[in-house]
Amino acid sequence: TGIRTDGTITFQLSLSQPSYPGTAEIDELWRRVVADVEALPGVEEAAVVRLLPLRDGLRREGMEIEGREVDVVDMGAVAYGTVTPGYFSVMGIALEEGRAFESSDVRGAPWVGVVNRAAADAYWPGASPLGARVYPSFMPREAGPVTIVGVVADVRAEGARAVPTPELHLPYAQTPSGLSWIRGGTVVARASVDPATLAGDVRAAVRGIDPLVPV
């Protein structure tokens, strides 16, 4: 499948409460959840993903590549992922070129993206996509381009027999497409202990941040 599922625990959160009216409050909640889960005994690292591979499917949109014809990548050809720094490491997804997302990839900083190998081979055959600038169809053109900073290995997100789909990942802390994409997500944590023993601890960690957010 391209991901490691051993030693992981996952749980979903939905931030529909009035106490999260904007991106600042939502970004801070995700930052605190990741930090507090990582601080739990037995947890090695944690991250958030909008659509969990093998469970949530993919969201496909179009993408324009700067310097090419507008229709070079048709609508629905690219699957979009939204993740926090550390996601690729937690899931055992290999970084093949460039860099993964960092804590500095936030709103106000230049837009950055990470593509998978299927996207790199499909749209930049025989060349590196690093430094290429793309325009996701769901972002307003005036928002500016997303610069590709990394390439990761393919994940068969829709099942072990599924053909890997070209993917473009964006950071949670930069996603400009409306609050719906960042109001929900799945926290993924890798543990050095039996992950089943951590269920109570992760619930307590979230309650310590906001008891009104259901786990």
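The values are calculated or read from the model by the stated rules, or taken from the named source; none is laboratory data. As the structure is a prediction and not an experimental result, all values here were calculated from the model. As a convention, Cβ positions derive from the backbone with ideal geometry for all residues, glycine included, and neighbour counts pool all protein chains shown. Ligands, DNA and RNA are excluded from the accessible area calculation, which covers all protein heavy atoms including side chains. Shrake-Rupley method; radii C 1.70, N 1.55, O 1.52, S 1.80 Å.
Considering (1) within 25 Å of residue 190 (Cα to Cα); (2) modelled with pLDDT of 95 or more; (3) not hydrophobic (A, V, I, L, M, F, W, C), the lone condition that residue 133 does not fulfil carries the number (1).
Here residue 155 passes the criteria (1) β-branched (Val, Ile, Thr); (2) assigned to a loop (DSSP other than H, G, I, E, B); (3) open to solvent by 20 Å² or more (accessible area, probe 1.4 Å) except the one numbered (3). Is it the case that some residue within region 74-82 is open to solvent by 80 Å² or more (accessible area, probe 1.4 Å), hydrophobic (A, V, I, L, M, F, W, C) and not in a strand (DSSP E or B)? Yes - at least one qualifying residue is present in region 74-82. How many residues does region 103-140 hold that are of a type outside the set (S, T, N, Q) and closer than 18 Å to residue 152 by Cβ? The number of residues fulfilling the criteria is 22.
Can you pull out the residues in region 158-197 that are part of a helix (DSSP H, G or I), under 19 Å from residue 55 (Cβ atoms) and at pLDDT 90 or above? Scanning region 158-197 gives 172, 195, 196. It is to be established whether one or more residues within region 92-105 are open to solvent by 80 Å² or more (accessible area, probe 1.4 Å) and within 24 Å of residue 199 (Cβ to Cβ). No: zero hits. Does region 184-191 contain any residue that is farther than 30 Å from residue 42 by Cα, in contact with a Phe, Trp or Tyr (Cβ under 8 Å, 6 or more places away or on another chain) and crowded, with 19+ Cβ neighbours inside 10 Å? No: zero hits. The listed residues are 129, 140, and the only one of them that is of a type outside the set (Lys, Arg) and open to solvent by 30 Å² or more (accessible area, probe 1.4 Å) turns out to be 140.
Modelled with pLDDT of 90 or more and within 22 Å of residue 5 (Cα to Cα): does that describe residue 78? So residue 78 fails the test.
If the condition is being within 20 Å of residue 89 (Cβ to Cβ) and open to solvent by 20 Å² or more (accessible area, probe 1.4 Å), then region 12-33 contributes 31, 32. Filter region 143-152 for residues that are open to solvent by 20 Å² or more (accessible area, probe 1.4 Å) and either in contact with an Asp or Glu (Cβ under 7 Å, 6 or more places away or on another chain) or touching a residue at least 40 places away in the same chain (Cβ under 8 Å) (or both) and give the result. Across region 143-152, the qualifying residues are 145, 149. Of the residues screened, residue 120 is not one that is within 14 Å of the chain's Cα centre (by Cα), of a type in the set (A, V, I, L, M, F, W, C) and not in a strand (DSSP E or B). For residue 53, are the conditions met, namely being open to solvent by less than 40 Å² (accessible area, probe 1.4 Å) and either closer than 26 Å to residue 3 by Cα or in a loop (DSSP other than H, G, I, E, B) (or both)? Judged against the criteria, residue 53 is a match. Among the residues of region 110-126, the one identified as touching a residue at least 60 places away in the same chain (Cβ under 8 Å) and open to solvent by 30 Å² or more (accessible area, probe 1.4 Å) is 111.
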